Every structure is written in C-alpha cells, then in structure tokens.
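Chemist: Pasting a structure here, questions to come.
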Amino acid sequence: MKTANIIIAIPAAASALYFLGLWAGPYWQIVALNLTMWIALTQSWSLFSGLTGYISLGHAVAYGLGAYVMASLFREWPIWLIIPTGGVVAGLFALIVALPVLRVRGPYFVILTFGLAELVKFVLLAVDTALGQSSRLLFGAPNTQTLLLWMLALAAAATLLRHHIGLSRFGRGLIAIREDETAAETIGVPITRYKVAAFALSTVIPGMVGAVMALRSTYFEVLQVFSPTISFTIVTMVIIGGSGDARGPVMGALFLVALAEILRGLSPQLYLIFLGLSLVLFVIFSPNGLTGLLERKPR
Amino acid sequence: MSLLEISNLSKNFGGLKALDSVTLRVQEGSTHGLMGANGAGKTTLFSIIAGNQPPSSGSIIFQNRRIDGMRPDKICRAGISRTFQIVRPFPGLSVRENVETAALFGRAQPPKQSELGRIVGDILSECHLADRADQPAATLTLAGRKRLEVARALATEPKLLMLDEVMAGLTPKEVEEMIVTLLELKVRMNLTILIIEHVMSALNRISDEITVLHHGQLIASGDPSEITANKLVTEAYFGSEDNPKESPL
C-alpha cells in the first residue's frame with residue numbers, strides 16, 4: 001500500500017472503530033480496546049524483531065514498566081504526562097540493556113530476553129513486597145471510551161511508525177542485519193547503533209500501552225503486567241499475521257482477538273486448541289502468515 | 001603513490017600465526033594480485049583490512065589515514081570494499097535490493113533517492129545482472145552470486161576494491177566474462193584492485209604486481225613474470241626439486 005493511502009486509511013479505520021465502539025456499547029468498547037492494544041504492541045515489536053530478525057520475548061517488560069510508572073505516579077502527576085513517561089522509562093531501560101543483550105543472536109537472544117523479562121518481574125515483585133505494596137488500586141481512572149481513544153492513537157502511531165521505518169533507509173539497514181549481519185556491516189551499515197536504536201524505539205509505545213492498560217484494569221499487580229503471556233501473544237500474532245510489513249500485525253491481532261471473542265461465547269476450552277492448531281498450520285503452510293497468503297494469490 | 005600501506009601486520013589465532021609481520025604497499029590505480037596456497041593468510045589479510053577482524057599488531061594506512069581497528073562500516077565509507085570468498089548475499093532480498101542497500105550505506109555520502117535508481121541500474125548492467133534484477137538473490141547461480149558480490153562492493157563507490165576469489169568455481173567462459181567486466185569497471189570507476197585468485201592465468205593477465213603469501217609470511221613480490229620465475233614461489237606451490245620428499249603437497 002502506498003504511504004499516502006496508509007496515512008488516510010489508518011485514521012479512518014481508527015475513527016470508524018471509535019464511533020462503532022460508542023454506538024455498540026461497553027462490551028464492544030472493551031473488545032476494541034483489546035484489539036487496538038494488541039495492534040499497538042505487535043506493530044512495535046515488529047519494528048524491531050520483524051525487521052532485524054532478533055526475536056524478542058522480553059517486550060512484556062516495556063508493557064510492565066509503563067504500567068508500573070502509571071501505578072506509582074497515579075494521582076501525583078497528571079495522566080497525560082504519566083503515559084509518555086511510561087514510554088520514556090521503557091525506552092531508557094531498553095537502551096541500557098541493549099548493548100549486553102544484543103551481543104548474542106538467534107536462539108540465545110530469544111532465551112536471554114525471556115530470562116531478562118523474568119528477572120525484572122521478580123526483582124520488582126521483591127521491591128514492591130519490601131515496600132509493603134504487593135498490589136495497588138487505581139481509583140478514579142478515566143472511562144473506557146477515553147482509554148479507547150488513547151489506545152487508538154497509540155495503535156495508529158505504532159502502525160504508521162512501522163510502515164514508515166520499513167520503507168526508510170534505517171529500515172533497509174535493519175533488514176540487511178536480518179539477512180546477513182556480517183555482510184551488512186561490511187557494506188557500511190552501522191549495525192550496533194541501528195540495533196540499539198530499533199530495540200529502544202520498539203519499546204516506547206508498549207510502555208505507553210502498559211500505562212493506559214493499568215488505568216483500564218484499575219489495579220496493579222506485578223505478576224500480571226509483566227506476564228510472559230504478553231510477549232508470547234505478540235509473537236503468536238506475528239506468526240499468524242506475518243511480519244513483512246505493517247499489515248501483518250493488524251491481521252494477526254484481528255485474527256486472535258476475533259477468535260477469542262467468538263469462542264468465548266461458544267466454548268472457551270476450544271480457544272487454546274484452535275490457537276495451537278492455527279499456529280501449527282500457519283508455520284507449516286504459510287510461514288509468512290496471512291500477508292503471505294494474500295500475496296500468493298495474484299501470482 | 002601508494003593508496004594502501006600495510007606495515008608489519010601480524011595476526012595470531014592462539015598459537016597459530018595466520019599473518020606474520022606482513023608489509024605490503026598497493027599503488028594507486030594498480031591491480032595487485034595476492035596468491036598463496038590454502039591457509040596462507042590471504043583471506044585473513046582481507047578481513048583485517050576491511051575491519052571484520054582486528055590485527056594482533058602492525059598498522060594499516062589508507063590514504064594517509066590509519067584504519068586498523070576501525071569499524072567495518074566506517075572503513076567501507078572511507079573507500080574500501082571487499083567481496084566474500086564464501087558468498088554472503090542478502091538471500092531474501094532481490095538482486096536490485098542487495099545492490100541498493102550497499103549504495104545507500106556504503107558511500108561517504110548517501111545518494112539522493114532520485115539518483116539511486118540510475119546508480120544501481122548502471123552497476124547491475126555492468127555486472128550483467130540487469131535481467132535478473134528482480135529475482136531473489138538466493139535463486140542466482142554461483143556465477144551470478146559472485147557477480148552480485150562484485151556489484152554490491154562496487155555500489156559502495158570504493159577507491160580500493162578487494163576481490164576474494166571471485167573466479168573460483170566458475171567455468172572458463174564465466175572466468176573470461178568476469179575478467180572483461182573487471183577490466184572495464186576498473187577504468188570507468190578509477191579503481192585500485194587487490195585481488196586474491198587461484199586461477200593463475202587470470203591473475204597473471206590482470207595484475208600489475210603480485211604478492212605471494214606462504215604460511216602467513218610474505219615470500220615474494222613483483223610483476224607477474226618475476227613471480228612465475230621465482231624459485232621460492234614454485235617451491236612453496238610444488239615443493240623443491242632437490243628434496244621432492246619435503247613437498248608441502
């Protein structure tokens with residue numbers, strides 16, 4: 001899709017979802033909030049992992065840090081300031097850990113990011129317990145409509161960012177790193193700087209998403225917001241949607257959220273079975289996900 | 001005038017001396033051949049010049065600027081480009097995208113978007129890859145991938161082009177095509193070439209000067225006729241006539 005089309009399409013889709021949410025009532029507002037949350041997270045993840053091929057299982061940390069910032073500063077700072085602060089804190093943390101973490105590749109990187117995420121989770125849990133604050137309630141949070149509006153903005157921003165970077169010189173460098181890091185470096189790509197920048201950038205929006213979602217659940221618990229399930233779900237969505245461009249994360253998130261909503265009513269036990277089944281089928285028959293299927297047809 | 005000055009360069013891998021105090025000057029505008037048996041240290045020398053590996057000791061001066069220990073991407077932008085003996089294309093990208101990426105990153109100044117297409121188009125046609133520009137690099141034949149290595153290196157607009165066995169594994173006809181391509185490119189792009197090659201006839205034909213490495217040491221340097229006549233070189237390759245039992249082969 002051309003950039004001009006996407007610039008029109010995203011706000012259009014976002015406002016359509018918003019008014020649909022207003023019209024359809026609270027249940028669908030929550031579904032829409034969920035959907036946009038996953039789009040924002042998955043697009044951000046894909047900005048780093050999709051382009052560089054370094055699969056991160058640590059993005060739950062960004063989400064968790066954002067939520068933690070919200071829980072700690074709620075009622076002390078204005079909300080409009082806390083949300084970006086969540087993004088900045090997540091980005092700074094990523095910047096600090098990036099250099100040691102990005103020294104390893106392939107499966108080692110996957111395991112390291114996962115281990116680091118668990119480490120952060122349990123350290124913060126210990127800190128909170130020592131402070132006597134094992135969980136916090138957030139009274140007086142904005143209503144779902146407001147949160148949906150913010151989340152739509154984050155999802156649209158993440159999608160635009162992913163799309164724009166994918167086509168930029170920066171993105172071309174990241175793709176070269178994915179294809180062959182040694183060759184990339186030899187033809188002039190500053191690989192370390194690029195990897196660190198993309199890694200940090202990919203955590204900023206998830207940090208803001210975490211901050212907004214803390215307001216949605218109105219209570220904060222470390223084990224919940226740093227849950228590895230968040231990281232796993234992001235990867236699952238990208239496997240199903242594809243990570244080649246900005247369409248993949250949107251389709252992956254749509255697919256999973258729709259599957260969850262449909263099966264919630266019919267038979268909740270079937271959800272995980274269907275999820276596992278679709279993962280297996282996609283990995284075998286369409287490694288590039290739904291976007292890969294779309295591109296196969298015209299040929 | 002020498003473009004590249006290598007002085008007392010050594011590289012140790014544990015107890016193994018891959019390069020042992022090598023001193024070498026590459027004249028601007030020349031084609032400098034590098035030969036030697038497997039394990040002589042030729043590719044190691046390339047990797048160190050290009051910054052892929054640090055030297056253990058010694059210095060490398062390129063255009064009056066010390067480059068040993070610099071990052072590979074900076075060395076590339078300074079004007080040195082290499083190919084890989086074991087080819088390393090970006091397999092999932094098209095041939096054109098491979099070359100575009102090199103043009104976008106490897107030059108001292110990134111080209112304008114409007115010029116990129118022309119720059120890449122010229123290089124693709126000169127390397128006889130224009131008709132395969134849109135297919136994935138992974139689908140090229142070996143000869144095609146070797147050409148892509150050269151095309152990608154050229155796209156970075158090098159002053160010094162280092163070619164690591166770009167003719168190995170090619171048929172005689174493909175070797176001939178490659179030689180013609182290289183000679184044309186050298187003139188048009190004002191290149192200095194440092195070339196590793198096992199195809200001796202090809203090396204003799206294009207080199208102004210040849211340096212021979214043996215077990216990490218420089219054993220001979222001179223014009224092609226001198227090298228062919230050099231006793232040390234024939235001994236290193238074929239063993240001494242006096243002691244046939246000590247032949248390294």
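Chemist: Which number in (1) at positive phi; (2) under 14 Å from the mean Cα position of the chain (by Cα) marks the one condition that residue B:157 misses?
Modeler: (2)
Chemist: Across the range A:184-241, what is the total count of residues that are of a type outside the set (A, V, I, L, M) and outside any helix (DSSP H, G or I)?
Modeler: 8
Chemist: Regarding the range A:155-170, can at least one residue be identified that is modelled with pLDDT of 95 or more, polar (S, T, N, Q) and touching a helix residue (DSSP H, G or I) at 6+ places or on another chain (Cβ under 7 Å)?
Modeler: No - not one qualifying residue is present in the range A:155-170.
Chemist: Then there's this: Would you be able to tell me the number of residues in the range A:246-299 that are open to solvent by 50 Å² or more (accessible area, probe 1.4 Å) and under 18 Å from the mean Cα position of the chain (by Cα)?
Modeler: 3
Chemist: If you don't mind, there's one more thing I want to ask. Could you please find all residues in the range B:10-60 being outside any loop (DSSP other than H, G, I, E, B) and of a type in the set (S, T, N, Q)?
Modeler: If the condition is that a residue be outside any loop (DSSP other than H, G, I, E, B) and of a type in the set (S, T, N, Q), then B:10, B:12, B:21, B:23, B:27, B:31, B:43, B:44, B:47, B:57, B:59 are the ones that fit.
Chemist: Then there's this: Looking only at the range B:8-47, how many residues end up being open to solvent by 20 Å² or more (accessible area, probe 1.4 Å) and among the hydrophobic types (A, V, I, L, M, F, W, C)?
Modeler: The number of residues fulfilling the criteria is 3.
Chemist: Also, I was wondering about something else. Considering only residues that are farther than 15 Å from residue A:233 by Cα and in a helix (DSSP H, G or I), which ones fall in the range A:262-279?
Modeler: A:262, A:263, A:264, A:265, A:266, A:269, A:270
Chemist: Follow-up question, since we're still on this one. In the range B:86-115, which residues are closer than 16 Å to residue B:154 by Cβ and hydroxyl-bearing (Ser, Thr, Tyr)?
Modeler: Selection gives B:101 alone.
Chemist: Also: Can residue B:170 be described as open to solvent by less than 30 Å² (accessible area, probe 1.4 Å), within 21 Å of the chain's Cα centre (by Cα) and at pLDDT below 90?
Modeler: yes
Chemist: Right, another one. Which count do you get for residues in the range A:178-191 that are crowded, with 24+ Cβ neighbours inside 10 Å, β-branched (Val, Ile, Thr) and within 28 Å of the chain's Cα centre (by Cα)?
Modeler: The total comes to 1.
Chemist: Do any helices (runs of 4 or more DSSP H) entirely within the range A:1-110 hold 1 or more residues that are modelled with pLDDT of 95 or more and open to solvent by 40 Å² or more (accessible area, probe 1.4 Å), and if so, which?
Modeler: In the range A:1-110, the matching helices (runs of 4 or more DSSP H) lie at A:79-101.
Chemist: Looking at (1) assigned to a strand (DSSP E or B); (2) within 15 Å of the chain's Cα centre (by Cα); (3) not hydrophobic (A, V, I, L, M, F, W, C), can you tell me which one residue B:88 breaks?
Modeler: (1)
Chemist: For the range A:192-204, check the following and say yes or no: at least one residue is crowded, with 21+ Cβ neighbours inside 10 Å and within 14 Å of chain B (Cβ to nearest Cβ).
Modeler: Yes, the range A:192-204 has at least one match.
Chemist: Hey, among the residues in the range B:51-97 that are touching a Leu at 6+ places or on another chain (Cβ under 6 Å) and of a type outside the set (Gly, Ala, Ser), which one's farthest from the other protein chains (Cβ to nearest Cβ)?
Modeler: Only one residue fits best here, namely B:55.
Chemist: Got a sec? Which of A:188, A:248 is touching a Gly at 6+ places or on another chain (Cβ under 6 Å) and away from chain B (no Cβ under 11 Å)?
Modeler: It is A:248.
Chemist: Just give me the residues in the range B:106-151 being small (Gly, Ala, Ser), more than 12 Å from chain A (Cβ to nearest Cβ) and in a helix (DSSP H, G or I), in sequence order.
Modeler: B:114, B:117, B:121, B:125, B:130, B:143, B:144
The values are calculated or read from the model by the stated rules, or taken from the named source; none is laboratory data. This one's a predicted model, so the numbers in the text were calculated from it and none came from an experiment. Cβ sites come from the backbone with ideal geometry, for glycine too, and all protein chains shown count toward neighbours. Just so you know, the surface numbers come from the protein's heavy atoms only, side chains and all, with ligands and any DNA or RNA stripped out. Shrake-Rupley method; radii C 1.70, N 1.55, O 1.52, S 1.80 Å.
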